[in-house]
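I have placed the structure first, in the form of structure tokens, so that the comments after it can refer back to it.
The values are calculated or read from the model by the stated rules, or taken from the named source; none is laboratory data. Predicted model, so just to flag it, every value in this text is computed and none were measured. We place every Cβ from the backbone using ideal geometry, glycine too, and count neighbours over all the protein chains shown. Keep in mind that these areas ignore ligands, DNA and RNA; they rest on the heavy atoms of the full protein, side chains included. Shrake-Rupley method; radii C 1.70, N 1.55, O 1.52, S 1.80 Å.
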Amino acid sequence: MGLWQRLTGRRAENPALALYQAVVARGREPAWYEQGGVPDTIDGRFDIIASVLAILLLRLEAEPAAAAASAQLIECFVEDMDGQLRQSGVGDVVVGKRMGKLMGLVGGRLGAYRDALAGAAGERGFEDALLRNLYRGEHPGDAALDFSAQRLRALHAALATVPLDALMAGQLPQ
């Protein structure tokens, strides 16, 4: 049984599973790779999923009652990434180290996107944060960068209007 099937079978155990599945589905949308210039690689797919996750975690931060939901969402992410690493042949000794790095990457995005969306990083601060975090320093071209920045900003704005119970049911705004 694959990890995704195990995660799906645990819906009753982790109420954030539907939300995590929605994050992954959003990150797998072809437009990120086609119009947004995100590399269609394992790293690129991780980068966009981690970016969507960070934007969602910013939304959950804004609601004091969402602390448990945020922790549950991170648990889903950790379990999924742990399984992905193991399926790709990473051994037990190295999994913990790699998980620490992956969590650091998500945390870095969270801080960079929080500052940039609050305007603390200047006029093009969000685009700069995306260049560092989503594109790993490789400029995808202005049109691709603008596409991803606009789409993630729109998600950030739209998430503010979605009630927590709808989010937990996996209802992300378009």
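Check the stretch 14-32 and report whether any residue there is open to solvent by 10 Å² or more (accessible area, probe 1.4 Å) and of a type in the set (F, W, Y).
no
Go through S51, S70 for me and flag whichever is under 15 Å from M168 (Cβ atoms), open to solvent by less than 40 Å² (accessible area, probe 1.4 Å) and in a helix (DSSP H, G or I).
Details: S51 fails: under 15 Å from M168 (Cβ atoms).
Going through S51, S70 in turn, just one is under 15 Å from M168 (Cβ atoms), open to solvent by less than 40 Å² (accessible area, probe 1.4 Å) and in a helix (DSSP H, G or I): S70.
Do we find that E29 is modelled with pLDDT of 90 or more and either β-branched (V, I, T) or under 17 Å from L110 (Cα atoms) (or both) in this structure?
On the way: modelled with pLDDT of 90 or more: yes; either β-branched (V, I, T) or under 17 Å from L110 (Cα atoms) (or both): no.
Criteria not met by E29.
List the helices (runs of 4 or more DSSP H) that sit entirely inside the stretch 123-174 and contain at least 1 residues that are modelled with pLDDT of 95 or more, surrounded by 13 or more Cβ atoms within 10 Å (Cβ to Cβ) and aromatic (F, W, Y).
Numbers: elements: 125-133, 142-159, 164-168.
Counting at least 1 such residues, we get 125-133, 142-159.
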